[in-house]
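The values are calculated or read from the model by the stated rules, or taken from the named source; none is laboratory data. Fair warning: this is a prediction, and the values are worked out from it, not measured in the lab. Quick reminder, even Gly has a Cβ in these numbers, built from the backbone with ideal geometry, and neighbours come from all protein chains shown. Heads up: the accessible areas ignore ligands, DNA and RNA and are worked out on the full protein's heavy atoms, side chains in. Shrake-Rupley method; radii C 1.70, N 1.55, O 1.52, S 1.80 Å.
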Amino acid sequence: MKRFLTLARRYALLCKRLFKKPGFLMILLLVPLLVLALHTVNTREESGMMTVALAMQDPEDEIAREIVDSLLEDASLIRFTVCERATDATALVENGTADAAWLFPENMKARIAAFTGGLHRRYAVVTVIERESNVLMLLSHEVLSSALYPYCSRALYRDFVSDNVIVTGTLSEEELDRYYEAIDAEGEDLFRFVTADGEQVKNGGGYLLAPIRGLLAILTVLGGLATALFYTQDMSEGRFHWMRPSMRLPFEAAYHMTAVGSMAVAMLVALSVTGLTVSALREIVCLLLFVLMTTGFVMAVRLLLKEIRAIGAAIPVIVIAMTALCPVFFDLNLLPAVRALFPPFYYLSALYRADMIPYMLIYTVAVFILDALLYRLRGER
C-alpha cells in the first residue's frame with residue numbers, strides 16, 4: 001500500500017509539472033477548440049462542398065415546396081440557397097456564386113405524371129443549370145433524384161394500378177394514396193451499415209465531423225512529441241541524474257504516458273460529446289492501446305534524434321506524414337511501410353476492424369523493445 005501511494009504521489013507530481021508547461025496546455029486546449037470549431041461550422045448553413053441555388057416557378061406548388069424544404073433540412077455535402085425567381089438562380093451560377101441551379105416548374109404534379117407516363121426527356125421535371133461537370137456535380141444528381149423519387153414512385157404506382165387492376169375505376173385518388181402509404185418502407189431501411197466484423201456504424205455528425213477522430217489522434221501524438229522535448233530539456237539540465245539507471249526507462253515511459261494519457265482523455269470526452277464513439281469496449285481497448293503505442297513511439301523518436309533541435313525539426317514532418325498517410329481524411333494506402341510506423345494508423349483502423357487490434361499489441365511490444373535497446377546502446381541504463 002505504501003509503495004502504491006508513493007507511485008501515485010510521484011505520478012501526481014508529474015501531472016502537476018506537465019500542466020505547468022504552457023506549450024502542452026496549448027496543445028491540450030486545441031482538442032476542445034478543434035471540436036467546437038468543426039461542430040460550429042458543421043451546424044451552420046454555410047457548410048457544404050458545393051452550392052446549389054433552388055428556384056420555384058410557383059412558390060405555392062405543394063410538391064415543389066415539399067421537395068425544397070426536404071433539401072434544406074437534409075444535412076449533406078451541398079449547401080442550398082433559395083431564390084425567388086429562376087433568373088436569380090441562373091445569375092448565381094453565371095457569376096460563380098453557385099455551382100448549379102435547380103429550377104422547379106409550376107404544376108409539378110402534372111409534370112411528374114407526364115414524365116412517368118412517357119418516361120421521355122421532353123417531359124423532364126426539373127431543369128438543372130451547371131457551371132461545369134465534375135464528381136461533386138454527379139453526386140448532386142443523386143441527391144436530386146432521391147428527392148424526386150417518392151413523387152415519381154407514387155405516380156408510377158397510380159399508372160400501374162390504373163392499367164392492371166380492373167377495380168381502379170371505383171377507387172378515388174385519396175384511396176389509392178392510402179393504399180400506397182400503407183406500405184411504410186423508409187428508403188434507408190434498404191441498407192444496414194456495419195463494419196467488417198458486424199458492428200453497427202454510426203452515420204451521424206455530418207461530413208465536417210468525419211475526420212475529427214483522426215485529427216484528434218494526431219493531436220495526441222503531437223502532445224507526446226512536445227513532451228519528448230520537455231523530457232530532453234530536463235535531461236540536459238540534469239534534473240533526473242539522481243535516478244538509478246535501471247529506473248530511467250520506466251520513469252520516462254510514465255513521464256510521456258502522463259501527457260499522452262491526458263490528451264487521450266480529452267479526445268474521448270470530445271468524441272463522446274459529438275456522438276462519434278463506437279461501442280464502449282472497442283473504444284476503451286483501442287484508446288488504451290493507442291496510449292501505449294504513442295508513448296513508445298515518442299520515446300523512440302527522442303532516443304533516435306537525441307537533440308532538442310532535431311526533435312523540434314522532426315515534429316512538423318511527422319505530423320504532416322501522419323495526416324497524409326493515415327486514414328484521417330482518405331485512406332489512400334500510400335507508402336504502407338511508412339504509415340505502419342505511426343500509431344494513428346493502427347488506432348483509426350482498429351476501431352472498425354477487430355483484426356487490427358493484435359497488430360496494435362505487436363506494435364506496442366515491438367516499440368518498447370526498441371526503446372529498451374536504444375537505452376542500452378546510448379548507455380542510459
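Here is how the numbers come out for the structure above:
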| quantity | calculated |
| --- | --- |
| Subset tally (residues that are outside any helix (DSSP H, G or I) and within 19 Å of Tyr149 (Cα to Cα)) for the stretch 59-79 | 5 |
| Single residue of Phe297, Phe345 found to be touching a helix residue (DSSP H, G or I) at 6+ places or on another chain (Cβ under 6 Å), surrounded by 15 or more Cβ atoms within 10 Å (Cβ to Cβ) and touching a residue at least 24 places away in the same chain (Cβ under 8 Å) | Phe297 |
| Yes/no for Gly205 being at pLDDT below 65, part of a loop (DSSP other than H, G, I, E, B) and surrounded by 11 or more Cβ atoms within 10 Å (Cβ to Cβ) | yes |
| Any hit, the stretch 215-229, residues being open to solvent by 30 Å² or more (accessible area, probe 1.4 Å), more than 24 Å from the chain's Cα centre (by Cα), more than 20 Å from Phe368 (Cβ to Cβ) and at pLDDT 85 or above | yes |
| Cross-chain or 6+ apart pairs with Cβ under 7 Å, the stretch 318-329 first and touching a residue at least 24 places away in the same chain (Cβ under 8 Å) and at negative phi, then of a type outside the set (Val, Ile, Thr) and surrounded by fewer than 18 Cβ atoms within 10 Å (Cβ to Cβ) | Val328/Pro211; Phe329/Pro211 |
| Residue match in the stretch 348-365 (condition: part of a loop (DSSP other than H, G, I, E, B) and among the hydrophobic types (A, V, I, L, M, F, W, C)) | yes |
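Residues checked against (1) assigned to a strand (DSSP E or B); (2) at pLDDT below 80; (3) open to solvent by less than 80 Å² (accessible area, probe 1.4 Å):
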{"site": "Thr97", "(1), (2), (3)": "no, no, no"}
{"site": "Arg111", "(1), (2), (3)": "no, no, no"}
{"site": "Ser146", "(1), (2), (3)": "no, no, yes"}
{"site": "Gly169", "(1), (2), (3)": "no, yes, yes"}
